Amino acid sequence: MNTKYLRFICLILIAIGLFGCKGLKGISFDVNSVTLPEDQLAGLDEVGERLKANPSLQVTLRGYFAPERTTQSQIHRGDGTPALSAARAEWCAEYLTDNYGVSGNRITIEYRDAKKDAKLYSFVEIVVR
């Protein structure tokens, strides 16, 4: 079977197994917290299993943050990253490393302004490629 076809099928399976928010695939944390509800852990476990099974895959974790002057706006670290969004994405990266042996060089962390979409304020998008 064609390798490109298999990779395409694998990406579809990953997308199906994740929880999403407005068409995005990822997980939602508790508001103003780095606590992940148990029902969200299954999405992260699915990603971990896929990454473990296919060492050529990479993952990008995108932590979303609320804009300034909102009830959920965040303080920023000295380097300008939103502290709570960073902690959430770093928690996901550590979970994948500790539980599935995913090497840090396969994980990229990014941050995005959620604009006025409150559903994204505590969301970490997961992109596997």
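Read-outs throughout are calculated quantities, based only on the coordinates presented, and are distinct from any laboratory measurement. In this text the structure is predicted, and so the values were computed from the model without any measurement. Cβ atoms come from the backbone with ideal geometry, glycine included; neighbour counts cover every protein chain shown.
Data table
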{"read-out": "Computed label-point distance, nm, for sites Lys115 and Asn32 using a 7 Å Cα→Cβ extension", "value": "2.6 nm"}
{"read-out": "At q = 0.15, 0.29 Å⁻¹, base-10 log of I(q)/I(0) for region 75-127 (Debye sum, equal scatterers on each alpha carbon)", "value": "-0.46, -1.20"}
{"read-out": "Region 44-120 - Debye-derived log10 I(q)/I(0), Cα point model, q = 0.11, 0.20 Å⁻¹", "value": "-0.33, -0.84"}
{"read-out": "Hz values of 3J(HN,Hα) by residue in region 24-40 - Karplus curve (6.51, -1.76, 1.60), Gly and Pro given as x", "value": "8, 9, x, 9, 10, 8, 4, 4, 6, 8, 9, 8, 9, x, 4, 5, 8"}
{"read-out": "Reachable aspartates and glutamates from Lys119, criterion Cα separation under 14 angstrom, eight or more residues apart if same chain", "value": "Asp30"}
{"read-out": "Amide H within-cut-off set for Arg112, under 5 Å, with H built and near neighbours excluded", "value": "Gly63, Tyr64, Phe65"}
